Amino acid sequence: MAEMNPIIEQLKEVPLFESLGDAELEALSQVVKLKSFPKNTILFSEGDESDSFYVICDGRVNVGINDEDGKEIILSRLGPNEYFGEMALMDGEPRSAFVMTKDACKMMIISKTDFKKILSSKFDVMLSLLKELQRRLREANKKIESLALMDVYGRVARLLTQLAGGSDPGIQIKDKLTHQEIASMVGASREMVSRVIKDLTNDGYISIRRKRITIHKNLPYNW
Ligand code: CMP
């Protein structure tokens, strides 16, 4: 039996590359660089010049932006087999957001030149990128809706329901979350989020054990 190439095995797990055949995966594996990063490493900042595309093998990252006072808004959290860094490579603009590791991470890094080669030769990869872009835009629209129309109770309720993947009684959020992280995800102060979490706990909507939140009854978005 032919020896397995670990980079090819990893590439096969990535939905973006599911349309690539064996020869194409083999060629891609030759230009991919594997790199590990410790927890809390800033991979790049908003506004940086760019030359790389990243696919996550292990660990999670936060994608976010800072305002002038350093207040952080987390736009998204990405995990294994998801990717980032395609926007600046495609539109030639600086990085649209910062990306920071949330865990120790292993990444596959592809240079701008190699990334562009794949896009120009594989229509299905381009199509997959477009679909993901649309999914992220829909998600961003929901975020705009919640920032513009919901109070902090509603925003926290929406976030918790989204992270849990529903609000069936007993459903648990896998990620450990601090109040500061929740605040950065819903665009509110930590103090306000702490008050909302306390109220939700006291009213029996949620319970928290070791920073893991369990939802006990349907969380309404309008209070
Ligand atoms: P780029 O602009 O090159 O660098 C930051 C990356 O974060 C960006 O490419 C996308 O891959 C990713 N990104 C930016 N905004 C969002 C968002 N709203 N949701 C998910 N990912 C995003």
Skipping prolines and chain starts, which residues have an amide H placed within reach, meaning under 5 Å, of the one on residue 206, given they are 5 or more residues away or on another chain? 201, 216
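Which of the trypsin sites (Lys or Arg not before Pro) found in region 1-54 are loop residues per DSSP with 14 or fewer other Cβ atoms within 10 Å of their Cβ? Before the final figure, lay out the partial values.
Details: sites: 12, 33, 35, 39; in loops: 39.
Qualifying residues, ordered by number: 39.
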For region 1-102, count all C-alpha to C-alpha pairs, find those more than 16 Å apart, and express that count as a whole percent of the total. 62
Under the definition of Cα pairs under 8 Å and six or more residues apart, what whole-number percent is the relative contact order of region 128-208? 24
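First compute the accessible area of region 149-223 with a 1.4 Å probe, then give the percent of it belonging to carbon and sulfur atoms.
On the way: 1970 of 4120 Å².
The nonpolar share, carbon plus sulfur, comes to 48 percent.
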Within 10 Å, count the other beta carbons around each residue, average over each peptide in 127-140, 208-221, 74-87, and list them highest first. 74-87, 208-221, 127-140
SASA check, residue 199, accessible area w/ 1.4 Å probe, all protein chains in place, rounded to nearest 10 Å², comes out at 50
Calculate I(q)/I(0) for region 95-143 by the Debye formula, one identical point scatterer on each C-alpha and no solvent, and give its log10 at q = 0.13, 0.26, 0.31 Å⁻¹ to two decimals. -0.48, -1.07, -1.04
Nonlocal amide H pairs with residue 76, under 5 Å, H built at 1.01 Å: 63
If I model region 74-173 as equal point scatterers sitting on the Cα atoms and use the Debye formula, what is log10 I(q)/I(0) at q = 0.17, 0.21, 0.23, 0.25 Å⁻¹? -0.99, -1.27, -1.38, -1.47
Over the heavy atoms of residue 57, what accessible area does a 1.4 Å probe trace out, to the nearest 10 Å²? 10
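If N is the number of residues in the chain, what value comes out of its Cα radius of gyration divided by 2.2 N^0.38 Å? Numbers along the way, then the final one.
Details: Rg = 19.4 Å, N = 223, 2.2 N^0.38 = 17.2 Å.
So the chain has a normalised radius of gyration of 1.13.
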Sticking with the crude label model, points 7 Å out along Cα→Cβ, report the distance from residue 18 to residue 210 in nm, one decimal please. 3.3
What percent does the relative contact order of region 1-88 come to when contacts are Cα pairs within less than 8 Å and at least six residues apart? 25
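Could you give the DSSP H helices of the chain that reach 30 angstrom or more along their long axis (alpha carbon positions) and whose average Kyte-Doolittle hydropathy is no lower than -1.0? Before the final figure, lay out each step's value.
On the way: long enough: 123-149 (38 Å, -0.16).
Qualifying helices, which must be both long enough and hydrophobic enough, are 123-149.
Report the full-extension gain for the segment residue 127 to residue 111: residue separation times 0.36 nm, less the Cα-Cα distance, to one decimal in nm. Intermediate values should be presented prior to the final figure.
Numbers: separation 16, 0.36 × 16 = 5.76 nm, distance 1.99 nm.
Value of the extension gain: 3.8 nm.
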Using the Karplus curve 6.51 cos²θ - 1.76 cosθ + 1.60 with θ = phi - 60°, what ³J(HN,Hα) values do you get for each residue of region 203-211, in whole Hz, with x for Gly and Pro? 8, x, 6, 9, 9, 10, 9, 6, 6
Taking the Cα centroid of region 1-34 and of region 153-178, what is the distance between the two, rounded to the nearest whole Å? 35
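The values are calculated or read from the model by the stated rules, or taken from the named source; none is laboratory data. Source: prediction; values computed, not measured. FYI the Cβ positions are ideal-geometry reconstructions off the backbone, even for glycines, and counts take in every protein chain you see. Heads up: the accessible areas ignore ligands, DNA and RNA and are worked out on the full protein's heavy atoms, side chains in. Shrake-Rupley method; radii C 1.70, N 1.55, O 1.52, S 1.80 Å.
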